[in-house]
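Okay, structure first, notes after.
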Amino acid sequence: MLFTADTKRRRRAGARWRAAFDALAFSLLVLGLGGLLVAGADALHYNWQWYRVPQYLYRIEGGEFHAGPLLQGLGVTLELSALSLLLALVFGLTAALLRRSSSWAGHAVARIYVEIVRNTPMLVQLYLVYFVLAPILGLDRFAAAVLALALFEGAYAAEIFRAGIEAVPRGQWEAANALGLSRSAVYRRVILPQAVRVVLPPLTGLGVSLIKHSALVSVIAVADLTTEGRNLIADTFMTFELWFTVAALYLALTTSLSLLVGWLERRVAVGGAGRG
Amino acid sequence: MARSRKRHFGWLDAIVLAVAFGLIGYVVYRAQHHFHYRWDWRLIPGYFVRYDAEQGRWVLNLLSQGLLMTVRLAVWGSLLAGLIGGLMGLCRVSRSVFLRLLGRSYVELIRNMPPLVFIFIFYFFLSGQLLPALAVESSLADAAPATSGVLAWLFGPPELLPNFLSGLLCLALFEGAYVAEIVRAGIQAVPQGQWEGAAALGLHPQQTLANVILPQALRTVVPPLAGQFISLIKDSSLVSLISVQEMTFTGTELAVSSGRVFEVWLTVAALYFLLCFGLAGLFRRLESRLNRRGSHPH
């Protein structure tokens, strides 16, 4: 079959029309689903009160900005996620190094940790930490939440670190050994700096999943975004408005982090290709 | 690096063992002497089976009922999630912009929202509108006793069915997004040349998909799908928060009513672990067997 320039152009124009039509059809579908939701809410005699939502986000009193409960909850979510991420990195790196060490005990401990965390639900781990470990050790609920999240994500961080260390070519180990570096110097000076490049994008992804999992701590009443949302709903009965706002806040947070991941991945890939 | 892992006792072993046993010992010590917890494991077996004096036989108690419910959720949920995810995955690689937009927004929306928030939103929507529209309860009341017996075995006690269905739908819609990504990756992993070769043979795109691409994609898709099945079992604990009576829910109930908090939660965690770890091992063995057979196909 031979395409002339004319048929090609006509095809491309047709494809463009079809794309425009599809985009239109999609917006109609979204509108339809939204309409269905509104109609359903009307059938329940749901009273939409969107105008009441902004005051739960922020208030401006006398020219001063005050964060409302939802933004405060967002702050707690961020704080919780940041602290757990740091602790998870410590757990993950320790587990990854132990797993690669020559020590059978270290290997066994790291393996048991990773398998237990990966084969039980996060919610059950949270209950275990909060109902069993926290009263024994005298932790408050925020510390228990941080510990549970960090233990959970740490097991996944361990796998990321392990893959990152294994991605460093063998020749680097051999060269470092040939130079007579000690084992810890090999890790510190040669392997880990190279592994960081590989590990950075998946670790940002871990941060995204940590923010999502942090919503779970609302079951132990840590005052994060989800808890604030649930409390406000119990007070005001604005179920849909508040849940949609909470979801939008999470969505904004995680999609901006996801975009950051994409950007980092591209940067690291370019840097790796240029230098390698 | 390539030092062989011999079973001799090095200084690192000593440190690791000391730290691990030190931590465990400290927790046990605090539990005994500061928290004054009295361990009592004798009640736990009774939460699995109990003797019903009225019926004069052994019946399943809360924990095993919860376990059964978790298994039911996992089986039906993964079937439904496979269906939703398969369709949405096909949408994501479709040539139509409409279908691609549909698949993309479904996947991105769900993957960027905390599972908990999704479940709560969807549950309010579902319990308010969808389930009354399906009218499950009235049709259930009309069912013959034999049918309802089968239904009870498949879906759990009839009075809990609407509840079970909303949990199931939440879970399936949620996991479907992850299945869709697996399916998309599997289809895109099939080399472009396969599409071109099939087109050169004069196959229609739909025929190409059904007869050429999907059979090849299946091989790459099966291992991550098995992993997703295990994820689904773990995520099913979340629907306890919308009072579906699976294992985490019965665990909460038992911990509160019996006061044996430590024992109950440790048992529940151990049950999940056995279920997921056992399945992971099983899948790994099946996969290696398939690979061995696949490497010498003729």
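The values are calculated or read from the model by the stated rules, or taken from the named source; none is laboratory data. Quick caveat, the model's predicted, so the values are computed rather than measured. Methodologically, a virtual Cβ is constructed for each residue, glycine included, from the backbone with ideal geometry; neighbour enumeration extends over all protein chains shown. Heavy atoms of the whole protein, side chains included, go into the accessibility calculation; ligands, DNA and RNA do not. Shrake-Rupley method; radii C 1.70, N 1.55, O 1.52, S 1.80 Å.
Odds and ends about this structure:
- A:L126 aliphatic (A, V, I, L, M) and open to solvent by 20 Å² or more (accessible area, probe 1.4 Å): no
- Residue in segment A:87-109 that is at pLDDT below 95, surrounded by fewer than 19 Cβ atoms within 10 Å (Cβ to Cβ) and assigned to a loop (DSSP other than H, G, I, E, B) present: yes
- Residue check for A:F142: open to solvent by 40 Å² or more (accessible area, probe 1.4 Å), aromatic (F, W, Y), at pLDDT 90 or above and in a helix (DSSP H, G or I): yes
- A single entry from A:I136, A:I112, A:I160, A:I116 fulfils the requirement of being out of contact with any strand residue (DSSP E or B) (no Cβ under 9 Å at 6 or more places or on another chain), facing chain B (nearest Cβ under 7 Å), under 27 Å from B:F229 (Cβ atoms) and not polar (S, T, N, Q): A:I116.
- Within segment B:259-270, restricting attention to residues that are more than 9 Å from chain A (Cβ to nearest Cβ) and open to solvent by 10 Å² or more (accessible area, probe 1.4 Å), the residue that is farthest from A:R118 (Cα to Cα) is B:G259.
- Test: residue in segment B:276-285 that is away from chain A (no Cβ under 12 Å), under 29 Å from B:Y106 (Cβ atoms) and open to solvent by less than 30 Å² (accessible area, probe 1.4 Å): no
- For segment B:158-168, the criterion of being over 18 Å from the mean Cα position of the chain (by Cα), within 14 Å of chain A (Cβ to nearest Cβ) and either assigned to a helix (DSSP H, G or I) or modelled with pLDDT of 90 or more (or both) is satisfied by no residue at all.
- Residue, nearest to B:N291 (Cα to Cα), within segment B:216-238, restricted to residues that are within 10 Å of another protein chain (Cβ to nearest Cβ) and of a type outside the set (G, A, S): B:I230
- Pair list, Cβ under 6 Å, 6 or more apart: segment B:32-48 residue more than 9 Å from B:R260 (Cβ to Cβ), other residue open to solvent by less than 40 Å² (accessible area, probe 1.4 Å) and of a type in the set (V, I, T): B:F35/A:I136
- Test: residue in segment A:145-155 that is farther than 30 Å from B:S236 by Cβ and open to solvent by less than 50 Å² (accessible area, probe 1.4 Å): no
- Boolean, A:S214 is in contact with a helix residue (DSSP H, G or I) (Cβ under 6 Å, 6 or more places away or on another chain) and either within 13 Å of chain B (Cβ to nearest Cβ) or assigned to a helix (DSSP H, G or I) (or both): yes
- Residue in segment B:246-258 that is nearest to the other protein chains (Cβ to nearest Cβ), counting only those that are more than 18 Å from A:S218 (Cα to Cα) and within 15 Å of the chain's Cα centre (by Cα): B:M247
Each row is one residue, and each column tells you yes or no for (1) of a type in the set (V, I, T); (2) surrounded by fewer than 20 Cβ atoms within 10 Å (Cβ to Cβ); (3) part of a helix (DSSP H, G or I).
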position: A:L181; (1), (2), (3): no, yes, no
position: A:V190; (1), (2), (3): yes, yes, yes
position: A:A195; (1), (2), (3): no, no, yes
position: A:V198; (1), (2), (3): yes, yes, yes
position: A:L210; (1), (2), (3): no, no, yes
position: A:E228; (1), (2), (3): no, no, yes
position: A:V246; (1), (2), (3): yes, no, yes
position: A:G262; (1), (2), (3): no, yes, yes
position: A:R266; (1), (2), (3): no, yes, yes
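- Search result, residues across segment A:184-207 that are under 16 Å from A:R100 (Cβ atoms) and out of contact with any helix residue (DSSP H, G or I) (no Cβ under 9 Å at 6 or more places or on another chain): A:S184, A:R188
- Given (1) farther than 29 Å from A:T239 by Cα; (2) away from chain A (no Cβ under 14 Å), index of the condition B:S96 fails: (2)
- Subset of segment A:24-56 (residues that are of a type in the set (A, V, I, L, M, F, W, C), open to solvent by less than 40 Å² (accessible area, probe 1.4 Å) and within 9 Å of chain B (Cβ to nearest Cβ)): A:A25, A:F26, A:L37, A:A41
- From the options B:T250, B:T220, B:T208, residue that is open to solvent by less than 40 Å² (accessible area, probe 1.4 Å), farther than 23 Å from B:L62 by Cα and either outside any helix (DSSP H, G or I) or polar (S, T, N, Q) (or both): B:T208
- Residue under evaluation B:V244, criteria (1) in contact (Cβ under 8 Å) with a residue 24 or more places away in the chain; (2) surrounded by 21 or more Cβ atoms within 10 Å (Cβ to Cβ); (3) part of a helix (DSSP H, G or I), criterion not met: (3)
- Pairs meeting the criteria (first residue in segment B:86-104 and polar (S, T, N, Q), second residue modelled with pLDDT under 90 and surrounded by fewer than 21 Cβ atoms within 10 Å (Cβ to Cβ), beta carbons under 8 Å, at least 6 apart or on different chains) are B:S96/A:R18; B:S96/A:D22.
- Tally, over segment A:234-251, of residues that are within 9 Å of another protein chain (Cβ to nearest Cβ) and hydrophobic (A, V, I, L, M, F, W, C): 6
- From B:L225, B:L214, B:L203, B:L232, residue being free of Cβ contacts under 8 Å to residues at least 12 places away in the same chain and open to solvent by less than 70 Å² (accessible area, probe 1.4 Å): B:L203
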